[in-house]
Every structure is written in structure tokens, then in C-alpha cells.
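Data first, discussion second: the structure below is written as C-alpha cells.
The values are calculated or read from the model by the stated rules, or taken from the named source; none is laboratory data. None of these values were measured; they are calculated from a predicted model. Reconstructed Cβ throughout: ideal geometry from the backbone, glycine too, with neighbour counts over all protein chains shown.
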Amino acid sequence: MLGTYYYHEIIRKSIVSFGTLFNSIEIKHKDSDGDTYSEMKVPLSYGPSQKFLARLEQQADLNKPVQITLPRMSFEMNSIQYDGSRKTSLVQSFKANDGNNIKKVFMPVPYNIGFELNIFSKLNDDALQIVEQILPMFQPSFTMTLNLLDSIGEKRDIPIVLGNVSFQDDYEGDFSTRRSLIYTMQFTAKTYLFGPVPETSDGLIRKVQVDTHSSSDLSSAKREMRYTVTPDPLNAGPDDDFGFDGGWESFDDSKEYSPTQKVDIWIIWKIIMKN
């Protein structure tokens, strides 16, 4: 429920993993003979494009000894949206093993996280080198594997979908104004968010009981027999060597078992019909 503390760092992991996809891109400069005379790894940082554009405008003096390095890339998370097309049942769950216990974990909630990748460059050829190293990898998606829940080792494949690519030549002014070419790419990460994971293995089924009635008409039939089965020993785990202990009980009342109260209760409408 709300107020129960838990933090799986799923959104943070998604942001870090997205940035990792682009942190090894390089560009090369060649002379007229085709020989490489310089190469550099393109810097990557987290932040909005407006921040870097403002920095370029504030350092318009080309005689300054230090300026922002171009080309460079920046990325940011710009949206989180629920994805109803991947929705599963609200009460559906699965069993997970944390190494010591089997835990009952409810299915995660699908969410789409939007990312924006910006490529800043002074030379068009530098920008094209970066773009051509990115676009072929997305057709239109690239799948990465994330360890969403460290406690139970839950790993899932998260598609990163390329949605749109736009181009902007941000150059206005005289010859002292620094030019910047900007390529903007929009991505969507189809991830999952998990709720709290129980610290105990209470989700394991350790008792099964079946009630039999005198007829198939349950509106008037009363129960007659109950068969109950439990593991032996009762605290056995799925990987333990265990057996089963079962037995029959007879009844001559009109009670029924209540799953919510976990006790036998009187069914008033059956008593009225019987009398």
C-alpha cells in the first residue's frame, strides 16, 4: 500500500543504461590521402539541449582560451507514460527465488520512458559520422537487458524504440557567432515498474482443502466431507525433500469455509431455504 517504503532504482537504471548505449562513439578526421590525422571520443553528458545552447551563446568570443567542445552529445529523460497495451492482470503474480526463499511477486506495471538525444557539432561531417553510427542499430528498436530487481535477480529485455530524428542548423549572426548543428533523436524505453517485494515466503501454498457436498446443487446442498493436504514438514521449501500429509473430515452442519475470514461460518440463506 501507499506508505510502504521500497525503491528498486528501475528508472535510474533505465537512464544509466540508455546513456551507456552512446558513450563509446568516436569520430575521425582524414586528409586528402585518406589517412587519419585525428580522432576523438565524443563526450556525452546528461542535460537538456537548451543548457548547451546557452553555454555556446555565452562563449561567443572565439579568442577565449576555453570553450565548450564540439562535437558532443547530451541526453535527458523527458516523459513517463503508462502503456496500457502491455497491461496484465492486476492480481497475477509469479514465484521468484532470492537464493534462500521463494517469494510471491506481483506482475510489474508497464511504463514507457521517453528520452531525447541531442548531437551538437560544428562540422556537418562530424555530425553525420555520429548519426550513421546510431541509426543502423535501431530497426526501429534496440533491445537491452536490465536487472530490474537485484533482490530476486529479475532480468527483462527492454526495447529502446527510435521514434523521430530532426535536424537544426542553429546559426544566426555575424562571423563571430559560433555555428552549431543539432540532430535531435526521440526514443522510448518500454520498461516495467515493480511494487514492493515481500521479505518472507508467505506467498507459498502450504495447505489445500477441498469440500464435497451432498449434491451438485450448492444452493441447497450441505457439505459432507473435507479433504486437507499439507506438506510434511510444514516449513519445507520447493527444493527440500518433503512428503504430504492428508486426511478426511466429516460434517453434518450447514457451514461453509470463508476464504477471507479463514474459518467455517454459517450461511444464513442456506439455513432459511432448509427450514
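Scan segment 213-231 for residues that are among the polar types (S, T, N, Q) and modelled with pLDDT of 80 or more and the total you get is 2. Among the residues of segment 152-167, just one is at pLDDT below 85 and exposed (fewer than 15 other Cβ atoms within 10 Å of the Cβ), namely GLY153. For GLU132, the conditions (1) under 30 Å from LEU181 (Cβ atoms); (2) surrounded by 15 or more Cβ atoms within 10 Å (Cβ to Cβ); (3) of a type in the set (D, E, K, R) are fulfilled apart from (2). Considering PHE106, PHE94, PHE120, the condition of being of a type in the set (A, V, I, L, M, F, W, C), in contact with a Ser or Thr (Cβ under 6 Å, 6 or more places away or on another chain) and more than 30 Å from ARG72 (Cα to Cα) is satisfied by PHE106 alone. Applying the criterion of at least 2 residues that are over 17 Å from the mean Cα position of the chain (by Cα) and farther than 22 Å from LYS13 by Cα to the strands (runs of 3 or more DSSP E) found wholly in segment 96-159 leaves 102-106, 109-121. Here segment 180-203 is the region considered, the condition is being surrounded by fewer than 16 Cβ atoms within 10 Å (Cβ to Cβ) and at pLDDT below 80, and the residue that is farthest from the chain's Cα centre (by Cα) is ASP202. Once segment 245-257 is narrowed to residues that are of a type outside the set (Asp, Glu) and surrounded by 10 or more Cβ atoms within 10 Å (Cβ to Cβ), the residue that is modelled with the lowest pLDDT is SER254.
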